[in-house]
Amino acid sequence: MSDHRRRAAEPTPPTGGRAAARRAAQAQSRRGGARRRGAPPPAAAAAAAPVAGRAASRAAARRGGRGGGGRVYEHNRWLDYPRRGKSGWRRFVPSWRQWASAFLVGLATMVGGLTVAYAMTDVPDPQAAATQQSNVYYWADGTEMVNSGEVNRQNVPLSDVPEHVQNALIAAENDEFWTDPGVDPRGIARAVVNMVTGGPVQSGSTITQQYVKNYFLTQDQTVSRKFREIMISIKVDREESKQDILEGYFNTTWYGRGANGIQAGAQAYYGIDARDLNLAQGAYMAVLANGAALYDPFGNDEATNAANLERAQIRWEWTLDRMVEVNLLTAEERDQTLAEGFPMPQEPRLSSDLGGQIGYLKEVVDNYLEAELGITDADLAKGGYQITTTFEKDKVEAMERAVNEELYATLDPENREGDRFVQVGAVSVVPENGAVVALYGGQDAVTQYINNGITTAAQAGSTFKPFVLAAAMQDGVRDQDGDTHILDPNTSEYNGDDDLLMRNYDGTVWEDENGDTWEQTNESDTDYGWITIREAMRVSANSPFAQLGMNVGMDVVEQAAIAAGLPEDTPGFGGVHGPAFALGVAQPSPLDMASAYGTFANSGVQVDPFVFTEVLYNGEPQDLPERQTTQAFDEDVANMVTDVLREVVDDGTGTNAEPVDDLHETAGKTGTTDENRSAWFVGYTKQLSTAVMLRREDPENPGPLPMYGLGGMDEEEGVHGAGYPTSIWTSFMLAALDGEENIPFPEPPENFGEEVNAGGAPSPSASPSPSASPSTEAPEPSNSPEQSPSTQAPPPPTQSQSPSTSPSTQDPPWGSWPTGGNGNGNGNGSGSEGSDTEGTSDGSASEGSDTEGTSDGSASEGSDTGSDSNGGSEGGSTDGSDSGGDTSTDVGTDQGTESQGSIFGQG
């Protein structure tokens, strides 16, 4: 050791100057930590203090301040909280040491808890829904209807899944799959926070977690289920290989369209095995794994399909980009795949087990399961359900047989254009309880996807008129002062003339928003004169019901239809309605119409239709909704409607249903719409209410098509509700009610309502003479599909009338209807406003004719090919005789009676 260091270590005299003072202060500072705060300094330090100077004094003062004023604590505490030596709020602020200690204790507790939880968690047995199961649907008698093919799972080894398909899934769902411990801590934290705080539910799941959820657990989104999923996932990741986990994921994932697993999914979307999926298809399968319902471009309405396709394309491209980002695909491979375009999947195909009517019946049941019990397609796809339906096998078969024998046996679509694309929908309901016992959706559910039993693609036409009548009897008809009167259909008379100017209930002329008026036409331009509402229903006259609807209020009419059972969202409902609304521009489904007419059969008690009586899941009964009943109409009102509709079958446009009426009291109504685009018959007995709808639509070019020349008829001859629909209805009802006893309808009230004549039109004479207007006796039933009322007592025309027009396929903005009439001459009646000539008016001429001789033609602006005729205004359009006798109609073309259009419901 050098002399210098030995000298530095020697004590310095108190009078050693400033350097010695500093050294003494520093030595004192170092020793201060070993003595108790507030204790007096050693003697040496005290002796040195005067010499240390002002700097040392200030340092000593600061040290004394930090020491808490020299207070001495005699006792130590295990937890210094509130903190001693602090005053005020500072006593309650933990020190950093306390914060750190708390964190370490909490961490140790959490780790210990997780360790215990992990040790106590066992990997459960696979849940039943993860194994192959079927849904079994039963007929009403308990026999099996179909073992559903939508539970579709074929497990495949991972070696059958191409590597690019595996990589697409991993890139899109869990790019760290091969290295993670089975869970993603960051994703879990985010998901837990959202669930606790009520934020959007997120899975935060790895592929392992999703496999665990699909195979071992339920789909519940709860904190407890999530915690258990995490524990099991960690354990599964340790006990099973990554390859086994990925294989299990591919075999348990839901891909939509009833497909569980990659093999079933590949078949459902591309009709190939999983091993044959290319890169583009594999990327789309990865998209579907994220939520099939959001990315399937088929199977929904047009708007949803378009949105799904757009979402699918966006996520498909993102998946390919993500594969490049995580080095599972080269940029060149991605670009080549993108250049080839999105791999559009095929349209859904049903299992052959669902052919014929079975697929349609199952579709209806599945719809009701979701609407009433919340059982979705995804739930059904897991299997385990046993559903007993209301469908009766013998009645379903009878309905299919009736359609085939009465309609399709007469068609030749290969050789006749008019016989192509013909579709039928029919449904039969028990009025008393609402059970749907039979449904016809189309020729084959495997090849024809639209279920016509529940579609809303056809206007109701004149089958809507009973709702107008029910509203007039239930809610009343407004007079010109606005007072309401309950209508008596037997005595109340309305003007049944063709081209009748429509008026508001107060007598003012009705105008649309453009100021245009409306003249309501009848089928075949028939003038009925002043007739009772009962008679107007029998012959299916349009102008009386259009005016009656105006006097009642179209909003009231709509509510009456809803009360009877038509859904509020029926196409054509809502908004402001014009006169044509009363004539059936709305588009209800056959199921809804059968149910609504059932309300009349049930004396005004409305019961919602239903299609299953028992639902089991894994053997456990599911709670079914309580069936509600509502007194929609007074009994007298409903029974009077039934009595009026009985006359339609007895001696009106529905006489083709008389074979049923001979055995069972029957009521019903025919309906035909604009250019014969749809034709209906809806009728009922006490036991069954059945609706039959006929329409044409090319699936490649959606939209209603006219039905002319059907079944070999003349090309200008149109289908009416009195033809094919009534024949199908009759054939089915005879079979369905075979062996059943006749149950009579309740007698209608003898005195009901009051005589309420057309308040919105000029009053009739005091006692209208039968000769003042054409006879309104309905024609005898015809074997021809066309059935329309005659207006004279003599025999009906010898040739079928050409099609006339009725409600359009939509309720358009008023004033948008094309002008011109329906092109039909009617060789039976007088023209509107009569004829003041010496001859006989055989045609229906707008404004009549005032010439000498015979007017055989129909209305203005027709073709001028009339024979021996002065014709109507600007030429007739007939081929009638000049004798003033009965003639056939409309060999000519072009426009018939001019009006604001041709919108009305035909019988």
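The values are calculated or read from the model by the stated rules, or taken from the named source; none is laboratory data. Please read all numbers here as calculations on a predicted model, not as lab measurements. Virtual Cβ from ideal backbone geometry, glycine too; neighbours counted across all protein chains shown.
Kindly indicate the residue of the range 351-377 that is in a helix (DSSP H, G or I) and of a type in the set (Val, Ile, Thr) and also nearest to Tyr617 (Cα to Cα) among those meeting that condition. Once the filter is applied, the top-ranked residue is Val365. Can you find a residue that is under 22 Å from Gly723 (Cα atoms), at pLDDT 95 or above and part of a strand (DSSP E or B) anywhere in the range 408-425? Yes, the range 408-425 contains at least one residue that is under 22 Å from Gly723 (Cα atoms), at pLDDT 95 or above and part of a strand (DSSP E or B).
Filtering the range 255-266 to residues that are more than 27 Å from the chain's Cα centre (by Cα), part of a helix (DSSP H, G or I) and touching a residue at least 60 places away in the same chain (Cβ under 8 Å) leaves Ile262, Gln263. Pairing residues of the range 391-404 that are assigned to a helix (DSSP H, G or I) with residues that are among the polar types (S, T, N, Q) and surrounded by 16 or more Cβ atoms within 10 Å (Cβ to Cβ), at Cβ distances under 7 Å and at least 6 apart in sequence or on separate chains, gives Lys395/Ser428; Val396/Gln357; Met399/Ser428; Glu400/Gln357; Ala402/Ser731. Selection within the range 324-369: residues that are without any contact (Cβ under 8 Å) to a residue 60 or more places away in the chain and of a type in the set (Ser, Thr, Tyr). The member of this set that is surrounded by the most Cβ atoms within 10 Å (Cβ to Cβ) is Thr337. Counting only strands (runs of 3 or more DSSP E) that fall entirely inside the range 605-668 and contain at least 1 residues that are under 30 Å from Ser134 (Cα atoms) and modelled with pLDDT of 95 or more, the qualifying elements are 612-617.
Annotation: Ala140 fulfils all but one of (1) assigned to a loop (DSSP other than H, G, I, E, B); (2) under 23 Å from Arg334 (Cα atoms); the unmet one is (2). Of the residues contained in the range 529-547, one or more are found to be within 24 Å of Pro748 (Cβ to Cβ), hydrophobic (A, V, I, L, M, F, W, C) and in a loop (DSSP other than H, G, I, E, B).
Looking across Tyr449, Tyr408, one residue alone is free of Cβ contacts under 8 Å to residues at least 60 places away in the same chain and not aliphatic (A, V, I, L, M). It is Tyr408. Does Asp301 meet the test of being of a type in the set (D, E, K, R), modelled with pLDDT under 95 and either out of contact with any His (no Cβ under 6 Å at 6 or more places or on another chain) or farther than 29 Å from Trp178 by Cα (or both)? It is true that Asp301 is of a type in the set (D, E, K, R), modelled with pLDDT under 95 and either out of contact with any His (no Cβ under 6 Å at 6 or more places or on another chain) or farther than 29 Å from Trp178 by Cα (or both).
Results for (1) out of contact with any helix residue (DSSP H, G or I) (no Cβ under 8 Å at 6 or more places or on another chain); (2) at pLDDT 95 or above, shown as yes or no for each residue.
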position	(1), (2)
Gly515	yes, no
Asp525	yes, no
Ile533	no, yes
Ser540	no, yes
Phe545	no, yes
Val556	no, yes
Ile562	yes, yes
Gly575	yes, no
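Once the range 175-222 is narrowed to residues that are in contact with a Gly (Cβ under 9 Å, 6 or more places away or on another chain) and of a type in the set (S, T, N, Q), the residue that is modelled with the highest pLDDT is Thr206. Residues in the range 149-158 that are modelled with pLDDT of 80 or more and in a loop (DSSP other than H, G, I, E, B): Asn155, Val156, Pro157. Of all residues in the range 159-168, one or more are in a helix (DSSP H, G or I), hydrophobic (A, V, I, L, M, F, W, C) and at pLDDT 95 or above. For the range 463-470, the count of residues that are surrounded by fewer than 20 Cβ atoms within 10 Å (Cβ to Cβ) and under 28 Å from Phe581 (Cα atoms) is zero. Looking at Asp366, is it out of contact with any helix residue (DSSP H, G or I) (no Cβ under 8 Å at 6 or more places or on another chain) and among the charged types (D, E, K, R)? Taking the combined requirement at face value, the residue does not satisfy it.
The number of residues in the range 639-691 that are buried (at least 24 other Cβ atoms within 10 Å of the Cβ), of a type in the set (Lys, Arg) and over 19 Å from Ser595 (Cβ atoms) comes to 1. Taking (1) at pLDDT below 95; (2) in contact with a strand residue (DSSP E or B) (Cβ under 9 Å, 6 or more places away or on another chain) in turn, Gly453 satisfies each apart from (1). Looking at this structure, is Gly572 in contact with a Phe, Trp or Tyr (Cβ under 8 Å, 6 or more places away or on another chain) and in the same structural domain as Tyr494 (by TED's automatic domain parsing)? Taking the combined requirement at face value, the residue satisfies it. Looking across the range 692-713, the residues that are assigned to a strand (DSSP E or B) and either touching a His at 6+ places or on another chain (Cβ under 7 Å) or surrounded by fewer than 24 Cβ atoms within 10 Å (Cβ to Cβ) (or both) come down to Arg696, Glu697, Asp698, Asn701, Pro702, Gly703, Pro704, Tyr708.
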